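Notes for the one structure printed next.
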Amino acid sequence: SQKIEQNSEALNIQEGKTATLTCNYTNYSPAYLQWYRQDPGRGPVFLLLIRENEKEKRKERLKVTFDTTLKQSLFHITASQPADSATYLCALDLGGGFKTIFGAGTRLFVKA
Amino acid sequence: ETGVTQTPRHLVMGMTNKKSLKCEQHLGHNAMYWYKQSAKKPLELMFVYNFKEQTENNSVPSRFSPECPNSSHLFLHLHTLQPEDSALYLCASSQGGAGVDEKLFFGSGTQLSVL
């Protein structure tokens, strides 16, 4: 069955540094991959989508890479701020539309 | 706000109660979803509707019954739930149609506790 792995341990970094989160997947070749941010007690918020034929996507301080050979996506936040502290979720489309599955997420803490 | 509104935000119910969760989206989307999020676990896809037709039922127990009267409204009817059903229930919507690039817009969820 399809499996998505995100680092279950929290990531603690200092303000101003670059945070890098990892998403690995197995047993599937998704057409695209998404990253979401979730704050406690709230629903996830869409951040970025990257397609299988794109190597990299950027939006402001965010950058996502997608390596379909390694079956891995990296999510970077540059010049991190305490307000970036949240859980970040990786999501894959299983094809056929409307079947998006999520990883368990990685909790990021940015210290001032 | 995301344009997706869920009510109630919190719900406590006994195992013999019947209750309903409501979701409304103001984004003009055609697809709507129910996800379950338990502590420390990934979001679990429960049901998907596209243009009011159910396209996905992810082996969800019959004590959960979805209803989609139109593309803007989605309900989840609950009856005879178990304590392990306690979780955050999230509604989401997406553009729908051909199912390409389905970015999801989530509501804030209903935190359900079953006693």
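Taken together, B:Thr55, B:Thr16, B:Thr2 contain a single residue that is modelled with pLDDT under 95 and in a strand (DSSP E or B), which is B:Thr55.
Please go through segment A:30-44 and give me each residue that is farther than 17 Å from B:Arg9 by Cβ and either part of a strand (DSSP E or B) or free of Cβ contacts under 8 Å to residues at least 40 places away in the same chain (or both), ordered by number. Scanning segment A:30-44 gives A:Tyr32, A:Leu33, A:Gln34, A:Trp35, A:Tyr36, A:Arg37. If you go through segment A:67-112 and keep only what is closer than 19 Å to A:Pro30 by Cα and more than 14 Å from chain B (Cβ to nearest Cβ), you end up with A:Asp67, A:Thr68, A:Thr69, A:Leu70, A:Lys71, A:Gln72, A:Ser73, A:Leu74, A:Phe75. Of all residues in segment A:45-84, those that are surrounded by fewer than 16 Cβ atoms within 10 Å (Cβ to Cβ), touching a residue at least 60 places away in the same chain (Cβ under 8 Å) and closer than 28 Å to B:Gly3 by Cβ total 2.
Taken over segment B:28-56, the criterion of being within 12 Å of chain A (Cβ to nearest Cβ) and exposed (fewer than 14 other Cβ atoms within 10 Å of the Cβ) is satisfied by B:Ser38, B:Ala39, B:Lys40, B:Lys41, B:Phe51, B:Glu53, B:Gln54.
Residue-by-condition table, conditions (1) closer than 14 Å to A:Lys99 by Cβ; (2) in a strand (DSSP E or B):
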| position | (1), (2) |
| --- | --- |
| B:Leu21 | no, yes |
| B:Gly28 | no, no |
| B:Lys36 | no, yes |
| B:Tyr49 | yes, yes |
| B:Pro66 | no, yes |
| B:Cys91 | no, yes |
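Taking only segment B:67-94 into account, find how many residues are crowded, with 18+ Cβ neighbours inside 10 Å and either facing chain A (nearest Cβ under 10 Å) or in contact (Cβ under 8 Å) with a residue 60 or more places away in the chain (or both). Qualifying residue count, segment B:67-94: 9.
The values are calculated or read from the model by the stated rules, or taken from the named source; none is laboratory data. This structure is a prediction, so every number in the text was calculated from the model and none was measured. In this analysis, Cβ positions are derived from the backbone assuming ideal geometry, glycine residues included, and neighbour counts consider all displayed protein chains.
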